[in-house]
Amino acid sequence: MSPFVSLIDQPQAVELLTQAVAKNRVAPAYLFAGSPGVGKRLAAECFLSLLFSTATPAIAPSKALQRRIHERNHPDLLWVEPTYLHQGKRLSIAEAADAGLKPKSPPVVRLEQVRDIARFLSRAPLEAARSVVVIDRAETMAEAAANGLLKTLEEPGQATLILLAPGVESLLPTLVSRCQRIPFYGLTAEGIVEVLQQTGHAEILQQPDVLQLAQGSPGAAIDHWQQLQAVPAALLQAVTTAPRTVREALSFARDIDKALEPESQRWLIGYLQQIYWQQSCIAQQPNARLVSLLEQARQHLLRNVQPRLVWEVTLLNLVRANDRR
């Protein structure tokens with residue numbers, strides 16, 4: 001049985017990767033391109049199972065091997081994820097959460113991590129026929145890190161690199177040109193149901209707003225659902241209708257800033273963009289200005305502008321935008 005049996009609704013990716021191993025035509029570098037949460041990370045694990053297995057692709061790799069890959073403890077695997085920088089130390093997203101940290105800036109793949117990749121690939125593989133490096137959320141690489149990766153992609157040696165990213169437009173063209181692209185697509189409605197039921201998240205199927213935000217991505221649906229649970233119910237009920245008065249706008253801004261961490265505030269912007277747009281369409285008065293103002297707020301939050309000020313200005317502008325209609 002193929003290790004890809006757990007990957008839903010990605011037949012093209014499965015065929016391309018299975019045939020690459022079967023025909024011994026594994027590329028030096030791959031770009032797994034598709035929206036977050038559609039199976040790229042799972043596909044990478046399945047592909048690693050084939051690459052590291054001594055069995056033929058027609059035979060499922062051992063459960064022990066699959067567990068080692070999933071736990072990232074295979075000696076010939078380096079799995080690189082975006083990190084935060086805290087007091088001079090790099091912390092993964094999980095490490096930051098365990099430490100109770102709430103960084104204001106999003107995590108990134110850093111130049112030092114790219115240098116770690118070069119050092120990792122400077123030695124021969126220990127157990128497998130090749131070493132493999134997976135760069136998760138490769139789109140978070142700054143330009144210096146991306147440029148530093150170019151030489152490694154040109155001369156990977158006895159290794160394969162796999163970049164996971166939303167699409168070719170999210171990476172430097174010079175990086176994309178050195179990778180074989182493996183496309184990943186949004187799942188069908190049936191595929192989303194299957195994944196959510198298998199992962200114990202069937203309750204999300206009763207949340208149409210969450211499913212619409214997910215846009216064919218069960219992973220995104222789970223993330224949106226978890227973010228939704230972090231917003232106090234009273235606050236959520238209040239802000240799902242755009243403020244109509246200055247007093248409401250200032251009150252919403254205060255409550256959002258007080259109740260939510262920066263990441264949750266950024267998520268709330270995307271949620272409100274969908275809700276406000278739907279409401280304006282139902283009223284037969286589509287208002288793209290609301291969406292645009294919220295997008296500006298997202299960009300300000302990403303630049304670490306004081307959150308309460310961002311929300312006050314944004315929500316006051318929403319009031320004015322509604323008054324003009």
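General observations
- Residue within the stretch 185-193 that is surrounded by 15 or more Cβ atoms within 10 Å (Cβ to Cβ) and acidic (Asp, Glu) present: no
- Here residue 126 does not fit the description of being under 16 Å from residue 110 (Cα atoms) and out of contact with any strand residue (DSSP E or B) (no Cβ under 7 Å at 6 or more places or on another chain).
- Options 212, 197, 206, 180: the member that is surrounded by fewer than 20 Cβ atoms within 10 Å (Cβ to Cβ), within 30 Å of residue 251 (Cα to Cα) and either in the same structural domain as residue 268 (by TED's automatic domain parsing) or modelled with pLDDT of 95 or more (or both): 212
- Scanning the stretch 125-160 for residues that are in a helix (DSSP H, G or I) and either crowded, with 18+ Cβ neighbours inside 10 Å or among the aliphatic types (A, V, I, L, M) (or both) yields 138, 139, 140, 144, 145, 146, 148, 149, 150, 152, 153.
- Wholly enclosed helices (runs of 4 or more DSSP H) of the stretch 27-109 bearing at least 3 residues in contact (Cβ under 8 Å) with a residue 40 or more places away in the chain and not assigned by TED's automatic domain parsing to the domain that holds residue 195: 40-52
- Test: residue 71 is at pLDDT below 95, of a type in the set (D, E, K, R) and within 14 Å of residue 48 (Cβ to Cβ): yes
- Selection of first residues in the stretch 266-292 that are in the same structural domain as residue 106 (by TED's automatic domain parsing) and at positive phi and of second residues that are surrounded by 15 or more Cβ atoms within 10 Å (Cβ to Cβ) and polar (S, T, N, Q), restricted to Cβ pairs under 9 Å at least 6 apart or on distinct chains, gives an empty result.
- Filter result (farther than 17 Å from residue 243 by Cα and touching a helix residue (DSSP H, G or I) at 6+ places or on another chain (Cβ under 6 Å)) within the stretch 274-324: 298, 300, 301, 307
- Residue check, residue 163 surrounded by 15 or more Cβ atoms within 10 Å (Cβ to Cβ) and not polar (S, T, N, Q): yes
- Of everything listed in (1) more than 30 Å from residue 26 (Cα to Cα); (2) more than 21 Å from the chain's Cα centre (by Cα); (3) outside any loop (DSSP other than H, G, I, E, B), the single unmet condition for residue 210 is (2).
- Qualifying residue in the stretch 123-134 (condition: over 21 Å from the mean Cα position of the chain (by Cα) and among the polar types (S, T, N, Q)): yes
- Pair list, Cβ under 9 Å, 6 or more apart: the stretch 186-200 residue in a loop (DSSP other than H, G, I, E, B), other residue of a type in the set (Asp, Glu): 186/9; 187/9; 187/194; 188/9
- Just one of the listed residues (53, 49) is under 22 Å from residue 138 (Cβ atoms) and of a type in the set (S, T, N, Q), namely 49.
- Qualifying positions in the stretch 249-278 - outside any helix (DSSP H, G or I) and crowded, with 16+ Cβ neighbours inside 10 Å: 260
The values are calculated or read from the model by the stated rules, or taken from the named source; none is laboratory data. In this text, all values refer to a predicted model and were calculated from it rather than measured experimentally. Neighbour counts run over all protein chains shown; Cβ positions are idealised from the backbone, glycine included.
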